[in-house]
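Here the structure comes first, spelled out in structure tokens, and everything after it is commentary.
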Amino acid sequence: MSKSRVWFFVALFAYALACRLLPYVLGTFGMTLDPSRTWYPWNFSPLMAVTLFGGACAANRRWSLAMPLSVMFLSDIGIWGLTGRWDWAFPPSQPLIYGCFAAAAVLGWLIRSRPRVITSLPLAIGAESVFFLVSNFAVWWFGEGSSYPLTMNGLLLCYTMALPFFGRSLLSTSVYCTLLFSPVGLRLADAEHVDVEPAAARE
């Protein structure tokens, strides 16, 4: 992988890291983090789109898996450092969240031979939908009834309350995928020269 290509991907993931930490940085300056009382574009994040893009365009598949997981881990450490809340940084559901991003990177592998906006958007919607279902199920289940009753009605309420965040996730991932998988984004990533690893190396 060329140096320019490496730095392009490093910059993308650094941007995703900064976006995830931004509300907590603002919190250190007195901004309340309660979504019900303060407007903030919660869930308008580039990370899912960047993860798909890395899976589709990074030369090394293992690298495309490691980078989003590293961003998640480093930002979780940052959240803990900024807030002092270990439970915010590493809730019991966090392995499932990491798994969703790993799955998104693998989805990106499916379009390595044809990374385009038209091929990425269905995967982006699918990845965000899975993330919505898994993450909110985890909120319901691991909350042990503290926020939502451990009943089917409680689960449905949890999903209903999360719909505005899901809408912003879909919008942000669609916007960032459109930008990243545009001819300019693909040229910056040198996607015309994606290295396809031999079958034996993927086993």
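The values are calculated or read from the model by the stated rules, or taken from the named source; none is laboratory data. Please read these numbers as outputs of a predicted model, since none were measured by experiment. Virtual Cβ from ideal backbone geometry, glycine too; neighbours counted across all protein chains shown. Remember, those area values only see protein heavy atoms, side chains included, never the ligands or the DNA or RNA. Shrake-Rupley method; radii C 1.70, N 1.55, O 1.52, S 1.80 Å.
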Discussion item. Computing the accessible area with a 1.4 Å probe over protein heavy atoms, can you report the carbon and sulfur percentage for region 34-95?
Written reply: 66
Practice prompt. Could you compute the FRET efficiency for Leu22 and Trp86, with r as their C-beta to C-beta distance and R0 at 30 Å, rounded to 0.05?
Written response: 0.90
Practice prompt. Compute the distance in nm between two label points, each set 7 Å from the Cα along the Cα-to-Cβ direction, one at Met161 and one at Leu179.
Written response: 3.1
Worksheet item: Quick one, what does Rg over Rh come out to for region 151-193 if you take C-alpha atoms and the Kirkwood Rh?
Response: 1.36
Response to the item:
Ordering Ser135, Ser147 by the accessible surface of their heavy atoms, 1.4 Å probe, largest first, yields Ser147, Ser135
Worksheet entry | Alpha carbon convex hull of region 66-203, volume per residue in cubic angstrom | 142
Worksheet item: Which length gain, in nm to one decimal place, applies between Leu133 and Gln94 when the Cα-Cα distance is subtracted from 0.36 nm times their residue separation?
Response: 12.6 nm
Discussion item. With every atom except the alpha carbons ignored, what do you get for Rg and Dmax of region 30-133, in angstroms?
Written reply: 15.2, 47
Response to the item:
Only helices counted: for the chain, with every DSSP H run of 4 or more residues adding -39500 (n - 2.57) and the sum spread over all residues, [θ] at 222 nm is -23500 deg cm²/dmol
Worksheet entry | Magnitude of the charge dipole, the chain, Cβ model with Lys/Arg +1 and Asp/Glu -1, debye to 20 | 400
Worksheet item: Which order do peptides 59-65, 149-155, 77-83 fall in by mean Cβ count within 10 Å, highest first?
Response: 59-65, 77-83, 149-155
Worksheet item: Is any helix in the chain, taking whole DSSP H runs, at least 27 angstrom long along its axis by alpha carbon and on average at least 0.5 on the Kyte-Doolittle scale, and which ones?
Response: 3-27, 61-83, 117-142, 152-180
Worksheet item: Quick one: length gained pulling Arg114 to Thr32 fully straight, 0.36 nm per residue minus the C-alpha distance?
Response: 25.2 nm
